[in-house]
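Values quoted throughout were computed directly from the atomic coordinates according to the rules given, and no laboratory measurement underlies them. Since the model is a prediction, treat every value here as computed from it, not as a measurement. A quick note on method: Cβ atoms are made from the backbone with ideal geometry, for glycine too, and the neighbour counts reach across all protein chains shown.
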Amino acid sequence: MYKITMKELFNYDTAKYFDKFTFAVLLLLSAGGVVLIYSASHSAGQSYVFKQLLWLLFSIVVFFIVFLVKTEKIFASCFYIYAVLAGILVLQIAVGQITSGTKSWIKTGFFNIQVSEFIKVALALCLAKLCARITTIGWKAFFKISFIIGLPFVLIALQPDLGTAFMLVSFFLMMIFLKGIKPVIVVCIIIGLVGVSFTAWQYVLKPYQKDRIVSFLNPEKYEKSSGYQIIQSKIAIGSGGLSGKGYLSGTQSQYKFLPTRHTDFIISVLGEEFGFLGISVLLLLFFVLFYRQFNLSDVRSDQEFYFVYLFNGLILFQFLINISMSIGFFPILGIPLPFVSYGGSSLLAFFIGEAIVFRVKLNNFLP
């Protein structure tokens, strides 16, 4: 195991291999999010922008702190971090305070912390270690994966926060893509999903959650209830045209017709005020991010390779779900757009995960 000091890490020969271009993309996405959050929330008199700016600055500082930590140490402690975060989720359900209908946040005065965002990083690390030990997903590996993902999935769903819990499914899908899976397990999963879906619909899902699923299929029928958000989002994006109505000039967002416009539907604000061109720039930035992060020439270990794919696969999955949700191609789950939507815990967790990815990419050039 190599050792390296901070001075050695940031000398000219090594610092030049730091992926400055991709880091600039992350900053552009986050800064663009701050601009959109201001447009979406300034008329409400809330301090969302100020909080997001503080979270962004803090996230950048934490990014470089995590970046300095050797990946061997991070992987060695990932199961302990996973256990601690899972324990906090248990405590949240037992004694946590309800905020906005869920027990997802820990109140700390000026800021609220969402622990479920940080367990995504720990999950990616733990599953990457497991990926490095198996050749394909058989029954033994399947049960291990199901337990590692299933525990936080159930705890987060019980808060209840089905949207964040659903994002954890991306890890299983990415592991199947990376390692393959025995066909008999796929058949059993499909049968199990049918049974679980029926049970959840009958006994688990609350009425408003059922309405979200039903209204997705026919939002116009529920235009005054659960279909309202989808309809307003489509109106906002469609009315933007080619170049948009101009910054701070969107009618749906400025006159508060569009709910949760600073979080789940931030891209609707972008589409209305900057039009097709604005959305194209955003999609281009995400394309560059995914292309550069998935395009690995070489890594020092298998677990590092799998972490890069698992964590960025999560970001890709959340990105696709948020976009699809905003244009009515997917039920509303309360999923923020990575790096762009308002949410300090989400922003910090993504920067922590990306710090590990950047360190993995730099490891090959270290002495």
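Ellipticity at 222 nm from helices only: DSSP H runs of n ≥ 4 in the chain, each -39500 (n - 2.57), divided by the residue count, give -22000 deg cm²/dmol.
First select every other residue whose beta carbon is under 15 angstrom from the beta carbon of I156; then total the charges, Lys and Arg +1, Asp and Glu -1. Surrounding charge for I156 is 0.
Relative contact order of the range 284-367: 32 percent, from C-alpha pairs under 8 Å at least 6 residues apart in sequence. Work out the P(r) tail for the range 31-137: percent of alpha carbon pairs separated by more than 15 Å, whole number. Looking at the range 31-137, the distances longer than 15 Å represent 75 percent of pairs. Each label was represented as a point 7 Å from its Cα along the Cα-to-Cβ direction; for F198 and L91 these points are 4.1 nm apart.
What percent do you get for the relative contact order of the chain when only Cα pairs under 8 Å and 6+ apart count? Each step should come with its number before you reach the end.
Values: 469 pairs, mean separation 102.4, N = 367.
After rounding, I find 28 percent.
Compared with the direct C-alpha span, the chain from F147 to V184 gains 11.4 nm at full extension, assuming 0.36 nm per residue. Bridgeable lysines around K179 (alpha carbons under 21 Å apart, same-chain partners fewer than 8 residues away excluded): K120, K129, K140, K144. Extension gain, V61 to F79: 0.36 nm times the residue separation minus the Cα-Cα distance gives 4.1 nm.
Per 0.36 nm of contour for each residue apart, how much would the distance between V288 and S324 grow if the chain were fully extended, relative to their Cα-Cα spacing?
Details: separation 36, 0.36 × 36 = 12.96 nm, distance 1.96 nm.
Contour length minus the Cα-Cα distance gives 11.0 nm.
Within the chain, helices built from complete DSSP H runs that reach 27 Å or longer along their own axis (Cα positions) and carry a mean Kyte-Doolittle hydropathy of 0.0 or higher are 20-41, 48-68, 71-95, 266-294, 302-326, 344-363.
What FRET efficiency comes out for V154 versus K107 if R0 is 25 angstrom and r is the Cβ-Cβ distance? Round to the nearest 0.05. Don't skip to the answer; put the middle values down first.
Working: r = 23 Å, r/R0 = 0.94.
Between V154 and K107 the formula returns 0.60.
Rounded, prolate or oblate: which fits the range 6-363 when a ≥ b ≥ c are the square roots of the eigenvalues of the alpha-carbon gyration tensor, with rounded for a/c under 1.5 and prolate only if a/b beats b/c? Note, shape of the range 6-363 comes out oblate.
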